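Here is the structure we will look at.
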Number of protein chains: 2
Amino acid sequence: MAYEKKIPVDLDCPLRLTMSLIESKWKSCILDELRNGEPLRPSEIHKRLPEAAPRVLDIQLREMVEDGLVEKTIFPELPPRSEYRITALGQSLLPIIDRMLSWGKQHMAVFEKKYGRKYSNPE
Amino acid sequence: MAYEKKIPVDLDCPLRLTMSLIESKWKSCILDELRNGEPLRPSEIHKRLPEAAPRVLDIQLREMVEDGLVEKTIFPELPPRSEYRITALGQSLLPIIDRMLSWGKQHMAVFEKKYGRKYSNPE
DNA sequence: TCATATACCGAAATATTTTTCCATATATGG
DNA sequence: CCATATATGGAAAAATATTTCGGTATATGA
C-alpha cells in the first residue's frame, strides 16, 4: 500500500506506484484468480491459494479494495458470506500479470536448477 | 530474493518467481536505469535514484548479480571503480517494466488525488 | 450437544527489508 | 594535513510484512 507508512511510497514514480499496488506477497496471484470476472468468496480464494494464510488474504484483499483493484459485496446472511470481484482498474493490470506469468514459466527451469525446488515434487 | 529465507519463495509459481526478482524497493528502477545497455557505476546509479540509500542499492545490485539480471565489472584501481551492466536476462524483463511504467503514468493522477502527493511539488 | 463452516479482526510473535551509522583503503586537490 | 570521493560491508536500529493464534457470531448436520 502506498500510504499510512512512515516512509511513504513515491507516488510520482510511475514504476514504484505500480509496484506498490501488486508487490505484496499474494496480490498478483489474487488478481490472477479473479481475472475472468467471476466473483469469488474468500474461502474459495483460500482454496485456490492454499499456501496463503487466510489472514493475509484478508488483509491484502482489503487493501486491494481500498486501491480500487477489487470490489467487495457483503451479503447480510448467517453464516456470513461475501464476494470479491475484479474491477476495470484491476483488469487493466492483467497485461502486466500476464507478462510476469509467461516470463516466469519461460525461465522457471533455470531458477529451479539454480536455487532448487521449494515445494512441489519433493523426492 | 528467492532463497536463504526461513520462508522460501515458491519457485513453482511463475508469478511469484518473477515477482521475487523485481519486487524489492529499487530493483525495477535499477533495471530501468540500466535499460539502454550502458554500464553505470554505483555512484552514478545513486545520483539517478537519490532517494535510495546507497547501502540498499549495494545490496540489491548484489542480489541482481546473483540472479543474473545484471553483471558487474570490478576495475582493480584506487580509488575503487566498478560498473554494473544489464544482462540479456535482465533485458528480457524490460517489457514488464515498460508496462508497469506506462500503467503508472496513466493512472498516477488518480492515486495522487486519492492519497496525496508525496514528494515533488510540495506547495 | 458438538464439531464444522463462515468472514473477519485483534494481538502478538516472526520474518524480512530498509535505514542509518561507522569503518576500510587510497588518490586527488586545496 | 585534511576533506572528499570512491566501493563495499558489518552491525544495529527501525520499519514493514507475514504468520499464528484465538475470539466473534450463528446455521447446519451428525
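We did not get these values from a lab; they are worked out from the coordinates using the rules stated. This one's a predicted model, so the numbers in the text were calculated from it and none came from an experiment. Note: ideal-geometry Cβ built from the backbone for every residue, glycine included; neighbour counts use all protein chains shown.
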- Looking at region A:1-107, which trypsin sites (Lys or Arg not before Pro) are in a loop (DSSP not H, G, I, E or B) and have at most 15 other Cβ atoms within 10 Å? A:K5, A:K6, A:R35
- Those chymotrypsin sites (Phe, Trp or Tyr not before Pro) from region B:44-123 that are DSSP loop and have at most 13 other Cβ neighbours within 10 Å turn out to be B:Y119
- Item | Point-charge dipole on Cβ atoms (K/R +1, D/E -1) for the protein assembly as shown, about Cα centre, debye to 20 | 180
- Task: Among A:L94, A:V110, A:P79, pick out the residue whose Cα is farthest towards the positive end of the charge dipole of the protein assembly as shown, where Lys and Arg carry +1 and Asp and Glu carry -1 on C-beta, about the Cα centre.
- Result: A:P79
- Note on the structure: With the label set 7 Å along Cα→Cβ, A:R41 is separated from its counterparts in the other copies, in nm and shortest first, by 6.2
- Query: If the cut-off is 15 Å between C-alpha atoms, which aspartates and glutamates fall inside it for B:K47, apart from same-chain ones fewer than 8 positions away?
  - Reply: B:D32, B:E33, B:D58, B:E83
- Query: Taking a label point 7 Å from Cα toward Cβ, how far is A:S102 from its twins in the other copies, in nm, shortest first?
  - Reply: 1.4
- Within region A:28-78, DSSP-loop GluC sites (Glu not before Pro) with at most 12 other C-beta atoms within 10 Å are A:E77
- Query: How big, in percent, is the set of alpha carbon pairs in the protein assembly as shown lying more than 32 Å apart?
  - Reply: 25
- Item | Rg/Rh for chain A, where both radii come from Cα atoms and Rh is the Kirkwood radius | 1.01
- Grab the DSSP H runs of chain A that are 4 residues or longer, score each as -39,500 (n - 2.57), total them, divide by all residues and round the 222 nm result to the nearest 500 deg cm²/dmol. -15500 deg cm²/dmol
- Message: How far, in whole Å, is the closest Cβ of chain A from the axis that maps A onto B, and which residue does it belong to?
- Response: A:E23, 2
- Message: 7 Å along Cα→Cβ for the label point: how many nanometres lie between A:E71 and each equivalent label in the other copies, listed shortest first?
- Response: 5.1
